[in-house]
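The values are calculated or read from the model by the stated rules, or taken from the named source; none is laboratory data. Since we're looking at a predicted model, the values are computed, not measured. Cβ coordinates were reconstructed from backbone atoms using ideal geometry, including for glycine residues, and neighbour counts include every protein chain displayed. The protein model used for the area step is the full one, side chains on, heavy atoms only, and it has no ligands, DNA or RNA in it. Shrake-Rupley method; radii C 1.70, N 1.55, O 1.52, S 1.80 Å.
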Amino acid sequence: MGRETMSGKGRGLGVAAVVVGLLGVVLAVGGLAYALNSYGSSTISSQSMAPTYEPGDRIIYEQVDGGEVHRGDVVLFSAPDRYGFSASVMQRVVGVGGDRVVCCTGSGTAARITVNGKPLAEPYVKHGDVDGVHKTYDVTVPKGRLFLLGDNRANSRDSRLFASDHDGTVADSAVRSRVTDDRTVASGIGAAVIGGVILVLVGIGLGIAAFVRRRRAVPVAPWPVQQG
């Protein structure tokens, strides 16, 4: 009876080992797959988005469709015909389809870009200089396109400098991802992967315990007694 009970416990531990282990694999692999398909990271190499993002800063970005971005978002986009390379360029969305973007009212640090007639507050621009290259423009952004500027207006090759190409606007289909400073999702994914690994290790431990119990439950045949 004792051996049967011990054997039953061994089977129970074995089942628990499989369930916990599989759950851990699903959690870890699922979290990792979601992270790889939805998020990425990169290191800044340009001054064009300073002081918000300085060279050497590490950013996290989420894969989004260009139609999902809004004014104020920092996006990564590809425009090889404009820049001569296919690597992503990072700039801030100042105008979306239908917006009228005008530079500038006022002068110096008091200057403001207006969007649809309203002054745009831009506390992120370097030295408070929203103009940078002292170039006026009045652009109505076509539907399906974006007007993009760097935060370092004095050192950014952005929509202001490509007026002959759709008034400098970029097709929203060129957007590859959006930079995010929210670490909540990244932390959650990391926790899921770590939790999955822990569950896999627990499952392995349970499997070892089940194996040991079953070995102990195996009856040992007595040595034959020789007759004298």
Q | Subset of region 46-62 (residues that are among the charged types (D, E, K, R) and outside any strand (DSSP E or B)) | A | 54, 57
Q.
Restricting to region 170-187, and then to whatever is at pLDDT below 75 and of a type in the set (Gly, Ala, Ser), can you tell me which residue is nearest to the chain's Cα centre (by Cα)?
A. 186
Q | region 6-30, subset farther than 27 Å from residue 194 by Cα and open to solvent by less than 70 Å² (accessible area, probe 1.4 Å), residue modelled with the highest pLDDT | A | 10
Q | Checking residue 106 against (1) within 20 Å of residue 70 (Cβ to Cβ); (2) in contact with a Pro (Cβ under 9 Å, 6 or more places away or on another chain), the condition it does not meet | A | (1)
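One line per residue, one yes/no per condition, for (1) assigned to a strand (DSSP E or B); (2) open to solvent by 40 Å² or more (accessible area, probe 1.4 Å); (3) more than 23 Å from residue 58 (Cβ to Cβ):
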site: 124; (1), (2), (3): no, yes, no
site: 127; (1), (2), (3): no, yes, yes
site: 134; (1), (2), (3): no, yes, yes
site: 147; (1), (2), (3): yes, no, yes
site: 154; (1), (2), (3): no, yes, yes
site: 182; (1), (2), (3): no, yes, no
site: 192; (1), (2), (3): no, no, no
site: 198; (1), (2), (3): no, yes, yes
**Q.** region 42-64 - residue that is surrounded by fewer than 18 Cβ atoms within 10 Å (Cβ to Cβ) and among the polar types (S, T, N, Q) and, of those, nearest to residue 180 (Cα to Cα)
**A.** 63
**Q.** Subset of region 77-101 (residues that are of a type in the set (S, T, N, Q) and within 17 Å of residue 65 (Cα to Cα))
**A.** 78, 88, 91
Q: Considering only region 100-144, state which residues are of a type in the set (S, T, N, Q) and modelled with pLDDT of 95 or more.
A: 114, 116, 140
**Q.** Hits in region 68-79 (condition: farther than 19 Å from residue 139 by Cβ and open to solvent by less than 60 Å² (accessible area, probe 1.4 Å))
**A.** 74, 76, 78
Q. Of the conditions (1) closer than 17 Å to residue 52 by Cβ; (2) open to solvent by less than 30 Å² (accessible area, probe 1.4 Å), residue 168 fails just one. Which one is it?
A. (1)
Q.
Go through region 97-112 and report how many residues are open to solvent by 20 Å² or more (accessible area, probe 1.4 Å) and either among the acidic types (Asp, Glu) or touching a residue at least 60 places away in the same chain (Cβ under 8 Å) (or both).
A. 1
Q: For region 85-96, enumerate the residues that are assigned to a loop (DSSP other than H, G, I, E, B) and open to solvent by less than 40 Å² (accessible area, probe 1.4 Å).
A: 96
Q. Any idea how many residues of region 166-180 are assigned to a helix (DSSP H, G or I) and of a type outside the set (Asp, Glu)?
A. 4
